[in-house]
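Undergrad: There's a structure below that I have some questions on.
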Amino acid sequence: MKASNGARLRASAIRRIMTAFAVLMAAVLLPALAHAQQVRINRLNDIAFGTLAANGTSDAVLTDNLCAYTSALSLGYRVTARGSGSSSAFSLSNGGNTLAYVAQWASTPNATTGVQLTPNVAISATTSSTLNSQCLLGSGANATLIVRLPAANVAGVTAGTYSGSISITIAPN
Amino acid sequence: MNFCINQKDWVARGAAVLALAGAAMSGAPAYAATQGTIGATSTGSVAITATVPNRARISGLTDVAFTSVDPAVDAASSQGPCVWSNTATRKYTIVASGSGTTSAFTLTDGTVAVPYSVGWAATSGATTLTSLATGTASAAFTATGTNITCSGGADSTLKVSILAGDLQNMVATNSYTGTLTLVVTPQ
């Protein structure tokens, strides 16, 4: 009986040690693993529509090929965009009037359509390339930002030059 | 006798666009693309610019038909079109052109040309109008319509008149037709 009790005591002690070790490893490694998931957005370029067509019957669309890098094993990332308009609205301003636009995101370069973005609302995307954080290889871009000025929005606004910015934040997914 | 009216939309003038663009930029902040850095999250930004040119639109025009006209008195027909201009001042000029020789304001039955006159006002239901000369830009008017579709209704007056003396030169039962073209240019 004594030998049996001793064995149980040893087994119990071993379980407690293993549990403590597991907790310790989790405390140490999980933050490290989370920290290892890094992202980077770069290779962004300004979008200049120039002078829009006078007849204004078609939407004006321009795209920007850029690089979205994530180290997440899933290759996934989240995209959150904010415009420079009121309440982060996607709108341009000439100082007194506003011109609303539509923004879309595609997780491939040279895309002409994508997932429509809503200010401050994250969407999920999957990168097509994670070779490096600056997309130095291949085409140099792996995603597309698409900006559309609907003809209906342009039709009624006061003449002038409208400007603004769109801020894009990506995070591991 | 009747004739048609042409309306031309979206008339713009590039030289005026550049002048207004410079003025408008003074009140807008400057933006430029920024690149994100590597980290748990990464943020970059893109500047977006677009220049909206001067635009104008004339709409709400209807054909003018003089029927059963008494040649003893002048004939006139008024209507309420709408002009919209997107310039800061909402101003515009208008050029009217007839379908007669050298764009004259005339109707014809193929043989005889009958002159008519054209008046314009930048208010609806106006009785005092500015006389338009064919092919000549008017002085600047100010559009009151703030909606490109003129949902607020007519904001101008177009009047076409034929003098009694000219009516008397027209042969009964003959049909006299012509076209009046109106071009508005934002100012």
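Undergrad: All but one of (1) modelled with pLDDT of 95 or more; (2) farther than 30 Å from B:N174 by Cβ; (3) not in a strand (DSSP E or B) hold for B:A154; state the number of the condition that does not hold.
TA: Of (1) modelled with pLDDT of 95 or more; (2) farther than 30 Å from B:N174 by Cβ; (3) not in a strand (DSSP E or B), only one is false for B:A154: (1).
Undergrad: Could you check A:G95 against (1) assigned to a loop (DSSP other than H, G, I, E, B); (2) small (G, A, S); (3) away from every other protein chain (no Cβ under 13 Å) and say which number it fails?
TA: Evaluating A:G95 over (1) assigned to a loop (DSSP other than H, G, I, E, B); (2) small (G, A, S); (3) away from every other protein chain (no Cβ under 13 Å) leaves (3) as the failure.
Undergrad: Restricting the search to region B:159-181, which residues are of a type in the set (S, T, N, Q) and either within 24 Å of B:T62 (Cβ to Cβ) or in a strand (DSSP E or B) (or both)?
TA: Those that are of a type in the set (S, T, N, Q) and either within 24 Å of B:T62 (Cβ to Cβ) or in a strand (DSSP E or B) (or both): B:S161, B:N174, B:S175, B:T177, B:T179, B:T181.
Undergrad: What do you reckon, is A:A151 more than 9 Å from every other protein chain (Cβ to nearest Cβ), at pLDDT below 95 and crowded, with 19+ Cβ neighbours inside 10 Å?
TA: In short, no.
Undergrad: Further, regarding this structure: Identify all residues within region A:155-173 that are closer than 18 Å to B:A47 by Cα and more than 19 Å from the chain's Cα centre (by Cα); write none if there are none.
TA: Of everything in region A:155-173, those that are closer than 18 Å to B:A47 by Cα and more than 19 Å from the chain's Cα centre (by Cα) turn out to be A:G160, A:T161, A:Y162, A:S163, A:G164.
Undergrad: With respect to B:A47, is the statement that it is within 17 Å of A:A159 (Cβ to Cβ) and either touching a Phe, Trp or Tyr at 6+ places or on another chain (Cβ under 8 Å) or modelled with pLDDT of 95 or more (or both) true?
TA: So B:A47 does not fit the description; no.
Undergrad: Before we move on, is A:A81 in contact with a Lys or Arg (Cβ under 9 Å, 6 or more places away or on another chain) and of a type outside the set (S, T, Y)?
TA: Here the answer is no, as A:A81 does not meet what is asked.
The values are calculated or read from the model by the stated rules, or taken from the named source; none is laboratory data. All values reported here derive from a predicted model rather than from experimental measurement. Backbone-built Cβ (ideal geometry, glycine too); neighbour counts: all protein chains shown.
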